[in-house]
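Where a number appears in this text, it was derived from the coordinates with a stated rule and is not lab data. Please read these numbers as outputs of a predicted model, since none were measured by experiment.
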Amino acid sequence: MNRPTQTTRFATDAPKTSSQQVVYATGNTTTTAASQQAYLARVEEEWNKRLDTEIDQLAASFHTIIKASGFTEFVRAPGADYDRQIEKDKYRNSLDGYVAELKAANIAKNCEALLSLTHELKTAFLLNDTETLMQYSQRRKKELTARKEKIKRKVLELNDELAEAIWEMESVLGGGKGEVL
């Protein structure tokens with residue numbers, strides 16, 4: 001592993017996980033756009049896969065609940081070209097009720113996972129929204145600079161008034177240098 005020198009940036013094996021710029025010790029600023037774009041594409045792909053998985057599981061659970069909700073089922077008789085409707089027995093109805101409860105719990109779990117995914121997306125957006133943060137910091141810097149200039153002007157004005165008051169007092173009291181009272 002190469003040792004970092006004074007003119008190079010700090011070397012690390014950790015991946016860069018933000019869309020911000022890299023600042024070198026020499027003061028040069030460069031963007032690692034390729035690695036940032038690759039990271040963002042990978043994260044987007046992972047979130048899309050999670051979203052697709054959760055939605056597929058939701059749809060499958062709803063389908064299973066709807067399929068199990070009837071008191072009758074369609075069965076194809078051997079050698080027949082049509083399905084005939086038969087009534088389910090108590091055991092089959094109980095089993096379908098249990099399956100419906102499991103799928104309802106699965107739906108609740110998938111909804112919670114989708115909510116956590118939206119929370120993660122919002123958090124990632126807030127943490128990587130550097131443009132808004134930069135605008136806020138620049139606006140705050142301008143406000144503080146204007147305030148600082150106003151205070152400087154006031155201090156200079158007070159300093160001038162103080163110097164004038166001291167001069168008037170010295171002239172009234174005859175406090176000129178070299179004069180003896």
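Aspartates and glutamates near Lys152 by alpha-carbon distance under 20 Å, same-chain residues fewer than 8 away left out - which ones?
Candidates past the 8-residue exclusion: Glu143, Asp160, Glu161, Glu164.
Please turn the phi angles of the stretch 99-113 into ³J(HN,Hα) values with the Karplus equation 6.51 cos²θ - 1.76 cosθ + 1.60 (θ = phi - 60°), one per residue in order, whole Hz, x for glycine and proline.
Taking θ as phi minus 60°, the curve returns 4, 5, 5, 4, 5, 5, 5, 5, 4, 4, 5, 5, 5, 5, 5 Hz for the stretch 99-113.
For the stretch 68-170, what does the alpha-carbon gyration tensor say about shape, rounded, prolate or oblate, given a ≥ b ≥ c as the root eigenvalues, a/c under 1.5 as rounded, and a/b over b/c as prolate?
Note, shape of the stretch 68-170 comes out prolate.
For Lys88, list long-range residues whose amide hydrogen, built 1.01 Å from N in the peptide plane, is under 5 Å from its own amide hydrogen.
Thr72, Glu73
Compute the length gained on full extension between Ile151 and Ile55: take 0.36 nm times their separation in residues and subtract their Cα-Cα distance, giving the result in nm to one decimal.
28.6 nm
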